[in-house]
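Below is one structure, written out as C-alpha coordinates, with a few remarks after it.
The values are calculated or read from the model by the stated rules, or taken from the named source; none is laboratory data. Just so it is clear, the structure is predicted and the values come from calculations on it, not from any experiment. Each accessible area value is taken on the protein alone, full model and side chains, heavy atoms only, with ligands, DNA and RNA left out. Shrake-Rupley method; radii C 1.70, N 1.55, O 1.52, S 1.80 Å.
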Amino acid sequence: MSHTYTTTTPNLMSDALERAYAHAILTESQPLSLKKGLRTVGRALSRSAKFVGRVVTEVLNAQAEARARNMLHNRSPW
(Lines give C-alpha, C1' and ligand atoms only; values in the text may rest on other atoms or scores of the structure.)
Protein backbone atom coordinates (compact mmCIF):
# COMPACT_ATOMS: atom_id res chain seq x y z
CA MET A 1 0.00 0.00 0.00
CA SER A 2 1.63 3.20 -1.13
CA HIS A 3 0.68 6.58 0.24
CA THR A 4 1.51 9.68 -1.68
CA TYR A 5 1.42 12.90 0.25
CA THR A 6 1.36 16.12 -1.64
CA THR A 7 1.81 19.41 0.05
CA THR A 8 1.12 22.70 -1.55
CA THR A 9 2.73 25.89 -0.47
CA PRO A 10 0.23 28.73 -0.51
CA ASN A 11 1.08 31.68 -2.68
CA LEU A 12 1.89 34.58 -0.43
CA MET A 13 1.41 37.10 -3.20
CA SER A 14 -0.65 36.98 -6.32
CA ASP A 15 1.17 37.28 -9.62
CA ALA A 16 -0.10 40.82 -10.17
CA LEU A 17 0.97 41.90 -6.69
CA GLU A 18 4.36 40.28 -7.14
CA ARG A 19 4.85 42.07 -10.48
CA ALA A 20 3.81 45.40 -8.96
CA TYR A 21 6.19 44.88 -6.02
CA ALA A 22 9.07 43.95 -8.33
CA HIS A 23 8.33 46.96 -10.54
CA ALA A 24 8.29 49.29 -7.52
CA ILE A 25 11.62 47.92 -6.30
CA LEU A 26 13.25 48.10 -9.72
CA THR A 27 12.02 51.62 -10.49
CA GLU A 28 12.96 53.01 -7.09
CA SER A 29 14.34 56.48 -7.69
CA GLN A 30 16.96 56.13 -4.99
CA PRO A 31 19.42 53.27 -5.19
CA LEU A 32 19.45 50.84 -2.31
CA SER A 33 22.07 51.86 0.18
CA LEU A 34 23.74 49.57 2.66
CA LYS A 35 24.47 52.55 4.88
CA LYS A 36 20.79 53.56 5.02
CA GLY A 37 19.75 49.98 5.66
CA LEU A 38 22.21 49.58 8.51
CA ARG A 39 21.12 52.89 9.97
CA THR A 40 17.48 51.79 9.89
CA VAL A 41 18.32 48.47 11.52
CA GLY A 42 20.44 50.25 14.12
CA ARG A 43 17.61 52.61 14.99
CA ALA A 44 15.17 49.72 15.32
CA LEU A 45 17.57 47.83 17.58
CA SER A 46 18.14 50.93 19.67
CA ARG A 47 14.41 51.51 20.11
CA SER A 48 13.79 47.91 21.03
CA ALA A 49 16.67 47.90 23.53
CA LYS A 50 15.30 51.05 25.18
CA PHE A 51 11.83 49.50 25.34
CA VAL A 52 13.17 46.30 26.90
CA GLY A 53 15.16 48.36 29.39
CA ARG A 54 12.05 50.30 30.41
CA VAL A 55 10.06 47.09 30.86
CA VAL A 56 12.80 45.48 32.95
CA THR A 57 13.04 48.61 35.10
CA GLU A 58 9.27 48.65 35.64
CA VAL A 59 9.29 44.98 36.63
CA LEU A 60 12.17 45.45 39.05
CA ASN A 61 10.48 48.48 40.61
CA ALA A 62 7.19 46.59 40.95
CA GLN A 63 8.99 43.70 42.64
CA ALA A 64 10.78 46.07 45.03
CA GLU A 65 7.48 47.75 45.93
CA ALA A 66 5.83 44.38 46.52
CA ARG A 67 8.70 43.31 48.79
CA ALA A 68 8.46 46.57 50.72
CA ARG A 69 4.71 46.14 51.19
CA ASN A 70 5.25 42.54 52.27
CA MET A 71 7.86 43.58 54.82
CA LEU A 72 5.50 46.21 56.24
CA HIS A 73 2.77 43.58 56.48
CA ASN A 74 5.04 41.00 58.10
CA ARG A 75 6.26 43.42 60.78
CA SER A 76 2.78 44.30 61.92
CA PRO A 77 2.05 43.25 65.51
CA TRP A 78 -1.11 41.42 64.51
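Descriptive notes on the structure:
- So Arg69, is it modelled with pLDDT of 90 or more and open to solvent by 90 Å² or more (accessible area, probe 1.4 Å): no
- Restricting attention to the range 1-52, the residues that are modelled with pLDDT under 80, under 27 Å from the mean Cα position of the chain (by Cα), open to solvent by less than 90 Å² (accessible area, probe 1.4 Å) and β-branched (Val, Ile, Thr) add up to 1.
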